[in-house]
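Asker: Sharing a structure below in structure tokens format, with a few things to ask.
The values are calculated or read from the model by the stated rules, or taken from the named source; none is laboratory data. A quick note: this is a predicted structure, and the numbers were derived from the prediction, not measured. Positions of Cβ are backbone-derived with ideal geometry, glycine not excepted, and every protein chain shown enters the neighbour counts. Please note that ligands, DNA and RNA were not included when accessible areas were found on the heavy atoms of the full protein model with its side chains. Shrake-Rupley method; radii C 1.70, N 1.55, O 1.52, S 1.80 Å.
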Amino acid sequence: MPTNPRVLIIDDDPSHLDIYGIMVQMAGFEPVPVLVKFSGVDPVPDSAIDLVLLDYRLNSVKTAPEIAQEIRARFPEAPIILLSDLWSPPSDVAPFITQFVRKGEPAKLLEVLSSHFPGK
């Protein structure tokens with residue numbers, strides 16, 4: 001029985017985790033939300049992850065580039081999609097991400113998600 005692709009969602013705002021989780025689920029994927037706190041990141045599940053959505057501006061001692069680097073090392077095959085209200089991806093995180101989507105563009109986000117899983 002095929003399972004839905006798992007999408008790790010990393011954000012410091014619980015309401016954003018909920019919103020992106022609903023979007024991801026409605027698109028036919030399994031959301032795996034992980035909250036970033038000031039003191040660090042909640043544990044990331046050990047199970048397989050197929051794609052990552054990462055917020056750039058985090059109120060945390062860990063920066064988005066640090067988190068992206070850790071995620072890239074742990075899930076090397078999983079594309080990392082950076083979400084931000086900036087106009088382009090910052091250079092400090094660019095080496096670790098696959099794509100960039102501006103926040104507030106849900107259609108673009110769903111298009112990018114779908115492009116990684118043809119036929120989904």
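Asker: Along the Cα→Cβ direction, 7 angstrom out, place labels at ASP46 and ASP13. What is the inter-label distance in nm?
Answerer: According to this spin-label approximation, the distance is 3.4 nm.
Asker: How much accessible area per residue does the chain have, counting only protein heavy atoms and a probe of 1.4 Å, in square angstrom?
Answerer: With the other protein chains kept in place, the chain gives 54 Å² per residue.
Asker: Rg and Dmax of the stretch 45-111, using alpha carbons, in Å: what are they?
Answerer: 11.7, 33
Asker: Still on this model: Tell me which chymotrypsin sites (Phe, Trp or Tyr not before Pro) from the stretch 8-64 have a DSSP coil assignment and no more than 14 other beta carbons within 10 Å of their own.
Answerer: PHE38
Asker: Would you calculate, for the chain, the mean residue ellipticity at 222 nm contributed by helices, counting each DSSP H stretch of 4 or more residues as -39,500 (n - 2.57) and dividing by all residues, to the nearest 500?
Answerer: Using -39500 (n - 2.57) per qualifying helix, the result is -9000 deg cm²/dmol.
Asker: Whole-Å semi-axes of the stretch 23-76's equivalent ellipsoid, largest first, each the root of 5 times a Cα gyration tensor eigenvalue?
Answerer: 20, 14, 10
Asker: If you wrap a convex hull around the Cα atoms of the chain, how much volume per residue is inside, in Å³?
Answerer: Residue-normalised Cα hull volume stands at 100 Å³.
Asker: With a 1.4 Å probe and all protein chains left in place, how much of the accessible area of the stretch 1-110 comes from carbon and sulfur atoms, in whole percent?
Answerer: 57
Asker: Separate question: Write out the GluC sites (Glu not before Pro) in the stretch 65-117 meeting two conditions: DSSP loop, and at most 10 other Cβ atoms within 10 Å of their Cβ.
Answerer: Taking the stretch 65-117 and a limit of 10 other Cβ atoms within 10 Å, the loop GluC sites (Glu not before Pro) found are GLU77.
Asker: Under 12 Å from a point 7 Å along the Cα-to-Cβ line of THR98: which residues of the stretch 34-51 have their amide N that close?
Answerer: Counting only backbone N, you get 49-51.
Asker: Leaving out same-chain residues fewer than 8 places away, which aspartates and glutamates sit with a Cα under 16 Å from that of LYS62?
Answerer: Reachable aspartates and glutamates: ASP11, ASP12, ASP13, ASP42, GLU70, ASP92.
Asker: Also, I was wondering about something else. Roughly what % of DSSP beta bridges within the chain run antiparallel, to the nearest 5?
Answerer: 10
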